[in-house]
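The structure under discussion appears below in the form of C-alpha cells.
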Amino acid sequence: MIAAAILGRAGRRVLLVERQAQLGGRLRSSAVEGGWVVDDGAYLWPDAWISEALRRAGADDFVASEIPREHVLRLFVEGEGGRRLAFPYPLRDASPKLLDTARTVLGVDAAGYAALTVLWQRCAALSDAEVEALRCVPLRDGLKRLGADPELAAALQCNVMLYGTYDPASASTAECIELCRRPADRPLARPVVPGANPGGGVAALVRSLERALTTARVEVRTGAEVVAVRTAGSVATGVAIESGGSVSDCAATDVVLNVPIAQAAHLLPADLKHDLGGAARAWSAVGGVIAAAFAFRGMLRLRETGEPDEFPGWTRLLTRGASGGCEFGGGMLWTTLHSPANAPPGQHVLQAMRLSPHSDVDDPARVVAVHDGFERLIREIYLDVDERLLWTRRWATRDGSEYLIAAAPRPPVRAPGVAGLYFVGETTDVPAVQMDAAALSALRCAEMILEGRGAGGGG
Ligand SMILES: Cc1cc2nc3c(=O)[nH]c(=O)nc-3n(C[C@H](O)[C@H](O)[C@H](O)COP(=O)(O)OP(=O)(O)OC[C@H]3O[C@@H](n4cnc5c(N)ncnc54)[C@H](O)[C@@H]3O)c2cc1C
C-alpha cells in the first residue's frame, strides 16, 4: 500500500491487487458489538521509517502514540505472585533489581550476569561486516562461534526470548546482536502503537493508507489473486491475476510483490524460484498467533501495588516449564491506554498474544493451554479481574511475524536477475525489523522505480 501510494502520487499508473476482500494484510482490527475494537496485530512497532514512509505515501492523518523508552517492556513470571521484574536490556549496569531478574529469569547469579554483560559487549563491539557474516547463522551456532559456554549461551538465548521469540536458538545471530547494537545505516526507532484515531485500532493505519491510495488515484482490485509473475527473458512484463474463477494477464513495466516470502516462490519464474526456494522453506516455518482480548469495566489494579495499572508498553509473560525454568508465555498490551476508541468511555481492553509455532496453533489442546495461561497470569498480576471482567475473546491465526524467528536469507528489494521485479514486506533484506522493514522496503522500492532503475521506468 505504501509503495503503491508513493508511485501513484508521483504520477505512475498503479494497480494494487489484494486476494482478500479488504486491504491491510496482517494489520487487522475487528469491531465487537457495544463499541469495542479488538486488534489482531500489529500492536507495538519500531518506527525508524514508518512515519517517513506514511508521509511520502500521503497517509499523514494516522495518529501514533509514542511509548516512553523506559516503559516499553516489563516482565511478569508465573508463580511470582504478580511481582514486576526489571527488563534485562543488554549492557545495563547490574542493579539489585536486574540481578533479581538474572536469577529468576535468566538462571544466572551475579557472576553469571557479569559474564553475560561481557558477552553482549563483545557482540556490540563486532564490526558491521562481522555482524553481517552472522546474518544467516542461527543463534545456537553463532554463540559457539563467539566462544560462549553452554550456561552463558542459555542465558543469552533466554534474554533474546524476552524480546518476543518462542525459539531464540533458531533466530538470526545478527538480528539478535542488533538488540544491543545499531548498524551505522539504521536510525533510532521510536516505539509506537496506534493512538487516538477516530476509528480505533491498527485498522486506523490501514484506513489512512486507503485514503492515500484514493488520492493518489491507485486502482485497487480486491478479491483477486496474483498467481504468476510474467517475464520475457530477464525482464518482468506483468502478472497473471485470478479473479472470479478466471485468469487474465496484466502487463506492467514494474512488478512489486508484497506476498510474504514463504508464499512468493511459487509465483516466480523457474530460475528465480530456485534461488528463493530455500529461503521460502525456512520462512514458512514462521508460526502463527494464539491471542485473546479481555474487556474490563475500568482499569485493573496491580496486586503488587494496589494501584490501577498505567503501563503503556508491552508486558512480557513467562510461564514455568517442567524443569522450573522460564518459558515464553507471550505478551499483553492495554490498547485503550493509547486508543480510546477501542472501548466505550471508562472501559478498557487488555490484549494478549503469543507468537507460536504451527504445531501449537494446530493443536486444540495446546491453544486452550495458552489461553488458560493468559487468564492465570492476569489473575496473578491483578487484584480485581473477576469484579471487572465484561467479556473475553479467544482465537488463533496461522500467520504471525518473522521477527527473531529464522536465520534464513531475505530477498533484496530488487529481485536479482529480473529487471523490473521487486520484493517488499517484512522479510526483505533492509536494515529494519517487522513493520518498519515493510515500510522501508516499500520506500526503497518506490525510489528505485522512480529513479528508473527498473525494467522500463515507465507507467
Ligand atoms: C498477530 C500479529 C502481531 C504482530 N505484531 C507486530 C508488532 O507488534 N510489531 C510489528 O512491527 N509487527 C508486528 N506484526 C507483523 C506485521 O503485521 C507485519 O510486519 C506487517 O503487517 C507487514 O507485513 P507485510 O507487508 O510484509 O505483509 P502482510 O501484511 O502479510 O501483507 C501481504 C498482503 O498480500 C496479500 N497477498 C498474499 N499473497 C497474495 C497473492 N498471491 N495475490 C494477491 N494478494 C496476496 C495478503 O492477503 C496480504 O494482504 C504482527 C503480525 C501479526 C500477525
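Laboratory data are not the source of any read-out in this text; all were calculated from the coordinates shown. These numbers were taken from a predicted model, which means no experiment stands behind them. FYI the Cβ positions are ideal-geometry reconstructions off the backbone, even for glycines, and counts take in every protein chain you see.
Using only Cα atoms, figure out Rg for segment 331-459 and give it as a multiple of 2.2 N^0.38 Å. Show your work: numbers first, answer last.
Values: Rg = 21.0 Å, N = 129, 2.2 N^0.38 = 13.9 Å.
Relative to the 2.2 N^0.38 Å estimate, segment 331-459 comes out at 1.51.
Peptides 432-445, 194-207, 105-118 ranked from most to least packed, by the mean per-residue count of other Cβ atoms within 10 Å: 432-445, 194-207, 105-118. Once the Cβ-Cβ distance of Val32 and Leu91 is raised to the sixth power relative to R0 = 30 Å, the FRET efficiency obtained is 0.10.
The Kirkwood radius of segment 90-177, taken over pairs of alpha-carbon atoms, gives through the Stokes-Einstein law at 25 °C and 0.890 mPa s a diffusion coefficient of 188 µm² s⁻¹. Note: segment 288-397, Cα convex hull, 108 Å³ per residue. Between Asp362 and Thr392, the FRET efficiency from the beta-carbon distance, with R0 = 22 Å, is close to 0.50. Label positions at Val63 and Arg13, each projected 7 Å from the Cα along the C-beta direction, are separated by 4.0 nm. Helix 110-124 and the longest principal axis of the C-alpha atoms of the chain enclose an angle of approximately 20°. Label positions at Glu375 and His71, each projected 7 Å from the Cα along the C-beta direction, are separated by 3.0 nm.
Take the Cβ-Cβ distance between Cys250 and Arg55 as r, set R0 to 30 Å, and report the resulting FRET efficiency rounded to the nearest 0.05. Here the calculated transfer efficiency is 0.55.
Over all pairs of distinct alpha carbons, what does the Kirkwood formula give as the hydrodynamic radius of the chain, in Å? Walk me through the numbers on the way to the answer.
Details: mean 1/r = 0.0431 Å⁻¹.
Here the Kirkwood hydrodynamic radius works out to 23.2 Å.
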